[in-house]
1. Here are some residues: VAL89, VAL29. Which one is over 14 Å from SER144 (Cα atoms), at pLDDT 90 or above and in contact with a strand residue (DSSP E or B) (Cβ under 9 Å, 6 or more places away or on another chain)?
2. If a residue counts only when it is surrounded by fewer than 17 Cβ atoms within 10 Å (Cβ to Cβ), which helices (runs of 4 or more DSSP H) contained entirely in segment 48-161 have at least 3 such residues?
3. Is there any pair with a first residue in segment 52-69 that is farther than 16 Å from GLY113 by Cα and a second that is outside any loop (DSSP other than H, G, I, E, B) whose Cβ atoms are under 6 Å apart and which are 6 or more apart or on different chains, and what are they?
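The values are calculated or read from the model by the stated rules, or taken from the named source; none is laboratory data. Model, not experiment: these values are computed from the prediction. A quick note on method: Cβ atoms are made from the backbone with ideal geometry, for glycine too, and the neighbour counts reach across all protein chains shown.
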Amino acid sequence: MSEAAFRALAAPLISALEHSDLGTEILLVPTHELISPESLIARTSINRMAGFTTMPPRDIASFLPQDGFEPPEGPFYLVVDPHTGTAYVNREPDVARKLIDSDERLPLTLEEGLAIATQHPDWLVRKNGFNLLGSRSADGRVPSIWMSQNSPRLGAVWPNSRHTWLGNAYCMARRGVSLFA
């Protein structure tokens, strides 16, 4: 896709954003219809080390947004106040999900986590790797992004796995063009 075509797809959302008071802590999230998760992780790099995954595309496609965390309509949407979940490090995903819910935050989905990795790869180095509790596979696994072999890696963890170095990422809101009213 050319830069002009990309910008044309994003134009309605950018126009709506110009007339909002969402602040500056936002992520532009392309949906999986626009670009596949495996393509996004491959386009992520830190110190010239490309991101990777060892999961096959079929496995990655099995990670679907959970009820209530479906993305707004359109090829892009925004995530407001994203965080890698340092407050929820060393928590099993199921426990962290309850804490995030009780703190009135929204767990990030696979696409939203990849948006962090592509737009803020330094967060993986400075902050931590993170689970993406807004998505899950049919077998219960949760997608995760962390540093492996000095590169960003897309993988998965089981819902009862505790990792001292993985946060549980969240945001405060999601906004698509139709949600700017």
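1. Being over 14 Å from SER144 (Cα atoms), at pLDDT 90 or above and in contact with a strand residue (DSSP E or B) (Cβ under 9 Å, 6 or more places away or on another chain) holds for just one of VAL89, VAL29, which is VAL29.
2. On the way: elements: 57-61, 93-102, 110-119, 122-126.
Of the helices (runs of 4 or more DSSP H) lying wholly inside segment 48-161, those with at least 3 residues that are surrounded by fewer than 17 Cβ atoms within 10 Å (Cβ to Cβ) span 57-61, 93-102, 122-126.
3. Short answer, once both residue conditions are applied: PRO57/GLU38.
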